[in-house]
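Here is the structure we will look at.
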Amino acid sequence: MADGATSSKRDLQVAVRNLAKLGGSLGTTLIIGFLIRPLLRRSMDAGAFGPLDAADGFTATWCIVLGLGIDAYVRKEIPLRPKHANDFFGSTLMLRLLLMVPITIGMLLTMSVTGRTSDFDELVWLLAATQFFMALNFTFAALLQSNTTVTGLSVINVVTKVLWAAGSLVGVRLGYGVEAIAVSMLVSELIKALVCWWLCRVHMGLTIANFGWTPSKVIITATLPYYLNNIFHTVYNKFDVFILSVLAEGPLGEAGAKQETAWYGAAAALGGLSMLVTPLLYGVLMPLLTRARDNDPKEYDTLVKRSVELVMVFAIPISLALGVGAETLLSFMYGPAYAPAALALRLLSPIYLFIYVSIMSAMVLQIENRAWQLMRISLAGLVLNMVANVVLILPAIHWLGASGGGAACATVQIATEGGVAITMLVMMGKRGFDRRTVVMMAKTLAVCAVVIGVDVALRQAGVDAARGLVRVLIDAAVYLVLVLVTRAVDPRELTGFMKEASRRKREPQVS
C-alpha cells in the first residue's frame with residue numbers, strides 16, 4: 001500500500017511538472033500567435049487574406065482523414081505499453097502517405113470544377129503538405145505526452161512558432177504576401193516533425209522497422225466512430241469558408257469574393273481564440289469523469305452536472321463579449337478594414353457556448369460508449385450545414401451586399417451547432433442538468449439580456465462611439481456585478497468544485 005501511495009505521489013509530481021512545461025509552452029505559442037496574426041492581416045489589404053483563409057479551410061477539410069483516430073488510442077494505451085507504439089507507427093505512417101494520393105486527386109478535381117486560380121492552387125499544395133506534417137506531429141506529441149517525456153516537445157513547440165512568426169513577417173515585408181505565411185507554416189511543421197521523430201526515438205526507441213497492417217487495422221476499427229465524428233465535425237466547421245469563396249465570385253467578382261472570404265475568416269479566427277482551452281477540458285474533465293463513473297455512479301452524475309455548469313460559466317461571458325464588442329475587437333485586432341466582419345462575428349458569438357456544451361456532452365457520451373450515436377448527430381449536422389450554406393449564401397449577398405455571405409455562413413453555423421448541442425443535451429437526459437443548473441442558466445441569460453440592453457443604450461447615447469472600448473468595459477462591469485449579486489455564479493461553489501475535483505484526481509486508483 002505504501003509503495004502504491006508513493007508511486008501515485010511520484011506520478012502526480014511528474015504530471016504536475018509536465019503540465020507546467022506544456023502549459024508554459026502552450027501559453028507562449030498562444031501569445032506569439034495572438035500578436036503576430038493581427039500584424040499579418042494589418043500589413044495587407046483585407047482581400048489578400050481571403051485565398052489563404054479559403055485554402056486553409058479547404059485543406060483542413062480534405063486532410064482531416066489523416067488523423068486515423070490514432071492519437072486517442074495512443075493516449076489510452078501507450079502510458080501502459082510504451083513499446084506498443086512500434087507495432088503500429090510504421091503502418092500508420094505508410095497509410096497516411098497512401099491517403100495523400102486520393103486526397104490530392106480529390107482536391108485537384110474540386111479546384112478544377114470550381115475554377116480556382118493558380119495562386120489558390122499553390123496555397124493549397126503548401127497547406128496540404130503542412131496538414132500532413134501536422135497530423136504526424138499530433139501523433140508524436142501524443143506519444144511523448146503518454147511517455148511523460150515532454151521537455152523537448154515543449155521547447156520545439158515554442159521554437160517552431162517563433163520560426164513561423166519570423167518567416168511570415170519577413171516574407172510579407174519582402175512582398176511575398178500570404179504565400180510567405182504558407183511556406184513558413186510548412187517549414188515550421190517539417191522541422192517540428194523531424195525533431196519530434198528524433199525525440200521519440202531517443203525516449204521511446206520508436207522505429208518503423210516493425211511494419212504490420214494488423215495492429216493499425218484493429219486500432220482504426222476500434223476508434224472508428226470517434227474518427228468519423230471528428231471528420232464530420234471538422235468538415236462542417238471548416239468547409240464553409242471555401243464554399244463562400246466559390247459562390248461569392250458570381251455577384252461580387254474575384255476581388256470582392258476574396259474580401260468577403262477574408263472578412264468571414266477574420267471573424268471565425270477571432271472567435272476561435274475562445275476555443276483554445278478545449279484541450280484542458282479533455283485533459284482534466286474527461287479523466288476525472290471516467291474514473292468517477294467506474295468508482296461511484298452517483299458521484300459521476302453529480303460531477304457531470306457541475307462540469308456542465310462550469311463550462312457554461314466560462315462560455316457564456318465569452319459569447320456575450322464577442323457579441324457586444326464585435327466592432328471594437330475587430331478594429332483592435334485587425335484594423336478598420338475588417339469592420340464589415342462585425343455582423344458575422346456578432347452572429348457567430350453564441351456558437352461558442354453551443355460548442356463548449358457539445359464538447360462536454362460529447363465527453364459524457366464517449367465515456368458511456370455511445371460514440372456511434374455521437375457520430376450520427378455530427379453526420380446530420382454536416383448534411384444540413386452543407387445544404388444550407390449552398391442555398392443561403394447567394395440570397396444573403398443579394399440582400400445584404402458585401403459581408404452578407406459571411407453573415408449567412410455564420411447563421412448556418414449557429415443553427416448547426418445549436419441543433420447539435422441541444423440534441424446531445426437531450427441524449428444525456430437528466431444527467432446533464434438539474435434544478436440548480438436550470439436556475440443558473442435562467443439567471444445568467446437574464447443578466448445577458450440586461451447587459452445587451454445597457455450596451456444598446458450606451459450606443460444610442462454615443463458613449464465612446466469612435467472606439468467602443470469604454471462601452472465594452474462598462475458592459476463587462478455590469479455583467480460581473482449582476483452575476484454576483486443575483487448569485488447566478490457563486491465563486492465559492494466554483495472554487496469548492498475545483499478543489500474537490502483536484503482532490504479526487506490526486507486520490508490513488510483503487511484496483
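The values are calculated or read from the model by the stated rules, or taken from the named source; none is laboratory data. Here the structure is a predicted model, which means the values were calculated and not measured. Virtual Cβ from ideal backbone geometry, glycine too; neighbours counted across all protein chains shown.
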So, in region 127-173, of the ones that are buried (at least 20 other Cβ atoms within 10 Å of the Cβ) and closer than 30 Å to residue 253 by Cα, which residue ends up farthest from the chain's Cα centre (by Cα)?
172
Selected residue [within 21 Å of residue 232 (Cα to Cα), surrounded by 19 or more Cβ atoms within 10 Å (Cβ to Cβ), in contact with a helix residue (DSSP H, G or I) (Cβ under 9 Å, 6 or more places away or on another chain) and hydroxyl-bearing (Ser, Thr, Tyr)] from 361, 349:
361
Would you check which residues across region 384-403 are under 21 Å from residue 254 (Cβ atoms) and in contact (Cβ under 8 Å) with a residue 60 or more places away in the chain and list them?
389, 390, 393, 394, 397, 398, 402, 403
Condition first: under 24 Å from the mean Cα position of the chain (by Cα) and farther than 16 Å from residue 166 by Cβ. Now tell me which residues in region 180-204 satisfy that.
193, 196
Those residues of region 230-254 that are without any contact (Cβ under 8 Å) to a residue 12 or more places away in the chain and either touching a Gly at 6+ places or on another chain (Cβ under 6 Å) or outside any helix (DSSP H, G or I) (or both) come to a total of 0
Look at residue 378 and say whether it is touching a residue at least 60 places away in the same chain (Cβ under 8 Å), touching a His at 6+ places or on another chain (Cβ under 7 Å) and not charged (D, E, K, R).
yes
Which members of region 396-427 meet the condition of being surrounded by fewer than 20 Cβ atoms within 10 Å (Cβ to Cβ), within 24 Å of residue 361 (Cα to Cα), touching a helix residue (DSSP H, G or I) at 6+ places or on another chain (Cβ under 7 Å) and of a type outside the set (Gly, Ala, Ser)?
411, 414, 423, 425, 427
Quick one: would you say residue 378 is buried (at least 17 other Cβ atoms within 10 Å of the Cβ) and under 21 Å from residue 469 (Cβ atoms)?
no
Confirm whether residue 184 is without any contact (Cβ under 8 Å) to a residue 40 or more places away in the chain, closer than 23 Å to residue 127 by Cβ, in contact with a Lys or Arg (Cβ under 8 Å, 6 or more places away or on another chain) and not acidic (Asp, Glu).
no
Quick check on residue 40: is it surrounded by fewer than 17 Cβ atoms within 10 Å (Cβ to Cβ) and either modelled with pLDDT of 75 or more or among the β-branched types (Val, Ile, Thr) (or both)?
no
Single condition residue 101 does not satisfy, out of (1) among the β-branched types (Val, Ile, Thr); (2) farther than 17 Å from residue 138 by Cα; (3) in contact with a Leu (Cβ under 6 Å, 6 or more places away or on another chain):
(3)
Members of region 197-231 that are modelled with pLDDT of 85 or more, surrounded by 15 or more Cβ atoms within 10 Å (Cβ to Cβ) and over 26 Å from residue 58 (Cβ atoms)
197, 199, 200, 203, 204, 206
